[in-house]
Amino acid sequence: MKAFPKRYKPKDAEAACMGRWADDDAFRWDEAAPAGDDYVIDTPPPTVSGTLHVGHVYSYTQADIMARYMRMSGRNVLYPIGWDDNGLPTERLVEKVKKVRGGTMAREEFVALCREVIPDYEQQFRDLFTRLALSVDWSREYQTISDESRTVSQLSFIDLYRKGLLERRLEPTLWDPADRTAIAQAEVEETEREGKLNYIPFEIEGGGLEPAVIATTRPELIGACGGLMIHPEHPRAAELIGKRAISPLYSVPVEIYAEDTVDPEKGTGIVMCCTFGDVTDIQWFRTHKLPLRLVIDQAGKMKDALDIGSEDWPSLNADEAQATIEALAGLKAAKAKEAILELLQARGLILKQEATHQVVPIAERSGAPLEIIVTPQWFIRTLDFRDQILAKGREITWRPEYMRQRFESWVEGLKWDWSISRQRHFGVPLPVWYSMREGEEGKILVADPARLPVDPTVDLPEGYAEDEVERERDVMDTWATSSVTPQLVTRTISDELGLDQAAHERLFPMSLRPQAHEIIRTWAFYTIVKALHHQNDVPWRDIAISGWCLAGDGQKMSKSKGNVIDPIKLLDDYGSDVVRYWTGTSRLGHDTVLSQNTLQQGKRLVTKLWNAVKLAHMALEQAEIAPVSPKADIEAGIITHPLDQWLLGRLSDTVAKAGEAFENYEYANALRVTEDFFWRTYCDNYLEIVKRRSRFEGAPDDEQRSALHTLYHASDAMIRLFAPFMPYVTDTLHDLLNAGEDESAPTVHRRGSWPDRTVQAEAGLFESEGEAFVAVLSAARKVKSELQVSMKAPVARLTVTAKAESLADLIGDTAHDLQAVTSSEAVELGKAPEDAPNAMSADEAITVTLKMALPSDDEA
RNA sequence: GGGCGCGUAGCUCAGUUGGUCAGAGCACUACGUUGACAUCGUAGGGGUCACAAGUUCGAAUCUUGUCGCGCCCACCA
């Protein structure tokens, strides 16, 4: 056995283990093993956006804890890792680092900058994850922008296109005017602000009627008005419906329609419908076949010129309309609003203004208020598939189960198909061109799957000359690629399209998707959609949703609140094992505060585990024993002592409970039962009981041998039980306990090294005896505590008084231990002596009386 | 507006199917240890389990309602 260092040095252990695991290639998936043993994890590729936060530590560690258990329990774990290094988040990082604006640069130039910046930030993640001891298979590292990922991503595109599930459509689209790109519904966030509801009159054509007054928060869209909507029950409905109203400032006549979707209580009960202010406008636009009148451009500014005065867009006062257009031209929406309000005010056309609390949709990446404009975009059909998507969601096991609700309410609330095209630079190109050949103008030319990846801005479709095609310049949204992370690992999209059909057949669907809850509506949702569309299957059987890490004050960490904790500093301060312990104490789905208490507890546990194994090691290194297994050693008549068998029974029980918890992804429960056994049963009681029997004087050889074997098995098993949580200290201890002087033991984290439960049959053996012994011991301690003497204070005679006769055997069989642990010269079962201090056990079934030894003359 | 989660000792949290479920750690008090333990141990104080009503022989645990916190979805003219 190796010499046991007095203290545990986390930094040294971490360095040593990292090296050893890399050398051993300890976490590589074994392709040769039977497919039935596979356990495949769909690891989240972190977004390369420049920040490491404690949330990464938290959720990735929780996934790793489960992965380590699965591996130790015998599964052949495939745990890939990748980096999501394209799309808007990465573009923003590059813009920040390089102080450039992607939108104003040539694509080639900007992409070159991206490729230059990314590696450093990926390395940060690599370092963090290595240090955290994520047991990923580094040979499976991928990037979502690599050639292979682009190929698979484009295969996904082609498959969906061929199936009619992906379409190019010219229609109203959610638009981010700051980043000047289409976005998807999932990228919409909300912000609150105080706004003004303006009451504005529209004259009624023909005269004789009072104007129709509408209320709007977006007066700058009056020019885009294509009709007024009024509820059929509205008091003025009868007189207005079918009439035409004249828009102020533009003098454009618009029809007035009955619409029962109008809320008569809101505003005036009469609404102007613009193209487009919100989703309702689109609905009304379609229902009533209103004219399309776009006044805002892709930058979110008022257009310089409108076709007002033409046949399709008539005005009763074209000069006034033209003047209004010129007054607003080039202004951003917010400025245009101020300007048009002034124009209206000057004409006395603002009848009333009300302050109103608004919730405004914004783009999550840029924070800019959204517009809805009309541009050609590529959409994956989702609205028609809501039922199937929900059905697939129900085939998946959600942990915790209630997280499924979030998924379902998202799917039920879908209003848009999934737009995947982005007018940006750094992403996977859409693999299409548009023909300009005579007779087939506009025909969509999709890339040949055999020639991927393609970049249509560089490559040409087979058989077409440069001047025969219009090149597609859009790229895919980053989610369009990360929604096929399982397929990136199998390198195959479907039965027809892919690079490795055999791998796909074997590994897909995967076993587990671990992820955080804030990306249910994106990553989980999109991945499910893709698996449905590609193969009518689920992407994985289980999904485990982690919660959020909150700051010590219980609030979400954010820069503005100044409560952000740097994960590197956290690891520096406590070591990976302690930080991992903290993540292991909180359950899936639960947000947790970063509590100093829990970190301290973890630190104590690491120290205690180290010392407990050290104690065993001290006894074991002097002994010539060859332990086999708890069961074998019991059967061989080596482990004979009732208390040793009791301990192993309890241990076996703990292994069973922890394993059961792990199987349900309740790792926090596994940790609790393990910790509870370790601290109370093992350290506080068992170790105290066998301390002397194992090492010191007075114990018969066979009793000592029994103790030594038990110490070995218990230490070994506890190291394994804690291994998923605290990989460094456990692997270090495993080596100290199992390796010879000049060799090293195979890692405790290897496949199949979860402690066996072969003592299970004997669990319960000596259970009541063990509990009774502990009760006697506790009562004896209580007496000493009440006497305010040392636990080691010598006792002349310890008397156990119990109703049950059955204790006689126990006291006889365990007399050596009872004497040793209570420092008693003699122990007996019988009537309690008078006038001696005593205490009762918790259940009051046993009374222990201590006749203390007289202090010797020296001490007196 | 709809939904979900949470509200248990000063703090952070456990409490599976209703009956040793009133718990753990930290903090606090007293004492003891420093030959496994930059400590550790023993003992102790501390909670009407948010509130109310109900079901039950019995409820932290089930039902309904109320209040508070957080989140998701929707609305947002």
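The values are calculated or read from the model by the stated rules, or taken from the named source; none is laboratory data. Nothing here was measured: the structure is a model prediction, and the numbers come from that model. Glycine gets a Cβ as well: all are built from the backbone with ideal geometry, and neighbour counts include every protein chain shown. Note: areas computed on protein heavy atoms with side chains; ligands, DNA, RNA excluded. Shrake-Rupley method; radii C 1.70, N 1.55, O 1.52, S 1.80 Å.
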**OP:** Quick one: of A:196/A:559; A:98/A:569; A:301/A:335; A:614/A:782, which pairs are farther than 19 Å apart, Cα to Cα?
**Re:** A:196/A:559; A:98/A:569; A:614/A:782
Original post:
Quick one: which of A:330-337, A:268-275, A:133-140 comes out on top by average Cβ neighbours within 10 Å, and what's the full order, highest first?
Top reply: A:268-275, A:133-140, A:330-337
Original post:
Can you list the residues, at least 5 places off or on another chain, whose amide H is less than 5 Å from the amide H of residue A:276, using H built in the peptide plane?
Top reply: A:372
**OP:** Along Cα→Cβ, 7 Å out, is where each label goes; now give me the distance between the ones at residue A:123 and residue A:829 in nm to one decimal.
**Re:** 7.1
Original post:
Which one of A:656, A:114, A:290 has its Cα pushed farthest toward the positive end of the charge dipole of chain A, where Lys and Arg give +1 and Asp and Glu give -1 at the Cβ?
Top reply: A:114
Subject >> Nearest-20 debye value, chain A charge dipole, Cβ charges on Lys, Arg, Asp, Glu >> reply: 1420
Subject >> Where chain A is the region considered: accessible area per residue in Å², 1.4 Å probe >> reply: 42
Subject >> Ranked packing of A:471-484, A:159-172, most packed first, by mean Cβ within 10 Å >> reply: A:471-484, A:159-172
Original post:
Between rounded, prolate and oblate, where does chain A land on the alpha carbon gyration tensor, with a ≥ b ≥ c its root eigenvalues, rounded for a/c under 1.5, else prolate if a/b exceeds b/c?
Top reply: prolate
**OP:** Give the cross-link partners of residue A:443 among the lysines, using a straight C-alpha distance below 18 Å as the criterion and excluding same-chain residues fewer than 8 apart.
**Re:** A:163
**OP:** Treating cross-link reach as a plain straight distance, find the aspartates and glutamates whose alpha-carbon is under 18 Å from the alpha-carbon of residue A:831, omitting any fewer than eight places away in the same chain.
**Re:** A:805, A:809, A:844
Original post:
Once you sort the root eigenvalues of the Cα gyration tensor of the stretch A:443-567 as a ≥ b ≥ c, which label holds: rounded (a/c under 1.5), prolate (a/b larger than b/c) or oblate (the other case)?
Top reply: oblate
Original post:
For residue A:303 and residue A:555, what does the FRET efficiency come to when R0 = 56 Å and r is the distance between their Cβ atoms, rounded to the nearest 0.05?
Top reply: 0.80
Subject >> Cβ crowding within 10 Å averaged over residues, with A:61-72, A:311-322 ranked highest first >> reply: A:61-72, A:311-322
Subject >> With every protein chain in place, chain A: carbon and sulfur % of accessible area (1.4 Å) >> reply: 47
Original post:
Among A:76, A:607, A:105, which residue has its Cα positioned farthest towards the positive end of the charge dipole of chain A, with +1 placed on the Cβ of Lys and Arg, -1 on the Cβ of Asp and Glu, and the dipole taken about the Cα centre?
Top reply: A:607
Original post:
Taking a threshold of 29 Å on the Cα-Cα distance, which of the pairs A:266/A:332; A:556/A:603; A:657/A:784; A:657/A:691; A:415/A:561 fall above it?
Top reply: A:657/A:784; A:415/A:561
